[in-house]
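The values are calculated or read from the model by the stated rules, or taken from the named source; none is laboratory data. Just so we're clear, the structure is a prediction, and the values are computed from it rather than from any experiment. Neighbour counts are summed over all protein chains in view; Cβ atoms, including those assigned to glycine, are modelled from backbone coordinates with ideal geometry. Only protein heavy atoms, including side chains, enter the accessible area calculation; ligands, DNA and RNA are left aside. Shrake-Rupley method; radii C 1.70, N 1.55, O 1.52, S 1.80 Å.
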Amino acid sequence: MFNKETVSQADLLKVLALLDSLNMKFWIDGGWGVDILLGKQSREHRDIDVDFDAAFTEALLAMLEKAGYVITTDWRPSRIELHSPVYGYIDIHPLVIEESGKARQASPDGGWYDFEPDYFSEAVFAGRRIPCISLKAQKLFHSGYELREADKHDIKILEDIPAQPENG
């Protein structure tokens, strides 16, 4: 079976259309989230990281599997990675979203990661507004671990992006 190892901009846009079809809250995180904040693709990406409303976990998995994705890593409730021979990898992160705008993601080791309301934003990329993790949160999420070359690239991009107004 063909094993697609990168996710192109065209793949991203097709996956965004799939995500939009569920009418759920979601935000692009990780490397594609950095490029969305930048407004253009700056490097190749292995996957698409998606933070989403955990209430849609089963519906999202069913839709992705119908689109040809297969689960490759299942660390529920914190994350699930899937692969498609057409679209590449997607790494989905269920968030418990509170009425206040805060959210929580389960930690693989137990406990929770807390997301403040200003961690959620949107930016224009490829001619459309795309929900993504904010500049503030991206900077925070790119710290506290051993950085890969892709992470160092992303940090350089993040440092060059002007601060966003509140609520993105």
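Of note:
- The residues listed here are Tyr145, Tyr119, Tyr89; of these, the one that is among the hydroxyl-bearing types (Ser, Thr, Tyr) and either over 16 Å from the mean Cα position of the chain (by Cα) or modelled with pLDDT under 95 (or both) is Tyr145.
- Residue under evaluation Glu65, criteria (1) in contact with a helix residue (DSSP H, G or I) (Cβ under 6 Å, 6 or more places away or on another chain); (2) exposed (fewer than 14 other Cβ atoms within 10 Å of the Cβ), criterion not met: (1)
- Flag for Ile71 being under 20 Å from Leu135 (Cβ atoms), at pLDDT 95 or above and among the β-branched types (Val, Ile, Thr): no
- Only residues that are in contact (Cβ under 8 Å) with a residue 12 or more places away in the chain and in a strand (DSSP E or B) were counted in the stretch 129-159, giving 4.
- Only a single criterion out of (1) of a type in the set (A, V, I, L, M, F, W, C); (2) open to solvent by 20 Å² or more (accessible area, probe 1.4 Å); (3) over 19 Å from Gln41 (Cα atoms) is not satisfied by Ala126, namely (3).
- Matching residues, the stretch 1-55, being among the aromatic types (Phe, Trp, Tyr) and either crowded, with 16+ Cβ neighbours inside 10 Å or assigned to a helix (DSSP H, G or I) (or both): Phe26, Trp27, Trp32, Phe52
- Residues satisfying the stated conditions in the stretch 94-106, i.e. open to solvent by less than 20 Å² (accessible area, probe 1.4 Å) and of a type in the set (A, V, I, L, M): Leu95, Ala103, Ala106
- Entirely in the stretch 82-121, the strands (runs of 3 or more DSSP E) that have 3 or more residues that are in contact (Cβ under 8 Å) with a residue 60 or more places away in the chain: 88-97
- Search result, residues across the stretch 74-93 that are more than 18 Å from Trp27 (Cα to Cα), open to solvent by less than 30 Å² (accessible area, probe 1.4 Å) and not small (Gly, Ala, Ser): His83
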